[in-house]
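Have a look at the structure below, then the notes.
What follows draws every value from the coordinates through simple rules; no lab data is involved. As the structure is a prediction and not an experimental result, all values here were calculated from the model. Glycine gets a Cβ as well: all are built from the backbone with ideal geometry, and neighbour counts include every protein chain shown.
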Amino acid sequence: MKALNSFNNSTADFKLEADATRTGETLNLVYKILDAKNLLNLPTSFTSDASTTPRVDGLWNDTCFEMFLRPKGQKSYYEFNFSLTPAWNEYFFESYRLPQPPKQCQDISLKKIQWSGDLLEVELHGLKPEEKFEISLTAVLKEKSGAIHYMALKHAGHEPDFHHVDSFIAL
C-alpha cells in the first residue's frame, strides 16, 4: 500500500493508503482509511456489483475515491470516481481536461465495489491485456466539520489537480 498525501500537507488525524494491481484485463483497487478520531463521515459497510451500483455525476463534491488511468504515451485518459453511497462513474478525456463537460464512457466496466468500514475494494474489467498504463490514485475526503482534503500519491502544480500529467506513475 502507498500513502496518499494531502495537497496542502495538512496534519489531519487520519491517513489514506491505496494500491492498484493488474492481472490481464482486470484492475483491482484498494483504498484503506485510518481514522482513529472518527473525523470522516463513513458508512459501516456494503457490497455492490455492477448491476446495483448507479453511475452518478459530481461524486467528487463529497468523499470520493478516484483513479486516473492513461495508456502509456497517450494524451487521452480515463477518470473513475467511487463513492461510498455506493455510486461510481467513468469518464474519457481526449486530452488534459477535454472535453468539458466530461464525457461518460463504458470502455472499462465495474465488476464489484465493496466497503468494510475502513477498506474500499474495487474490481474493474476491460483493460486491453497488451496495453501498458500509467495511473494516478487520488481521493477527496470530506470531514464531518466540512474540511476537505485532496489526497494523491503525487501532487503536481500549484493547486489540487488530479488530471495533471506529472501526477501519473507507471502501473
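List of remarks:
- For the chain, the number of Lys pairs separated by eight or more positions or lying on different chains, with C-alpha atoms closer than 18 Å, is 20.
- Gyration tensor (alpha-carbon) shape descriptor, the stretch 2-170, a/c threshold 1.5: oblate
- Two-site label geometry, ARG22 and ARG55: point separation in nm, points 7 Å out along Cα→Cβ: 2.2 nm
- In the elastic network of the chain, a GNM with C-alpha springs shorter than 10 Å, the most mobile of LEU141, LEU34, LEU69 is LEU34.
- Counting only GluC sites (Glu not before Pro) that DSSP places in a loop and that have at most 11 other Cβ atoms within 10 Å, the longest clean stretch of the chain runs over 1-129.
- Candidates ASP13, ASP49, ASP118: whichever shows maximal mean-square fluctuation once the chain is modelled as a Gaussian network with Cα springs under 10 Å: ASP13
- Listed residues LEU27, LEU84, LEU137, most fluctuating in the chain (Gaussian network, C-alpha, under 10 Å): LEU27
- Computed FRET value (nearest 0.05) for GLU94 with ALA156, which takes r as the C-beta separation and R₀ as 22 Å: 0.65
- Taking 7 Å steps out from each Cα toward its Cβ at ASP13 and LYS128 produces label points 4.9 nm apart.
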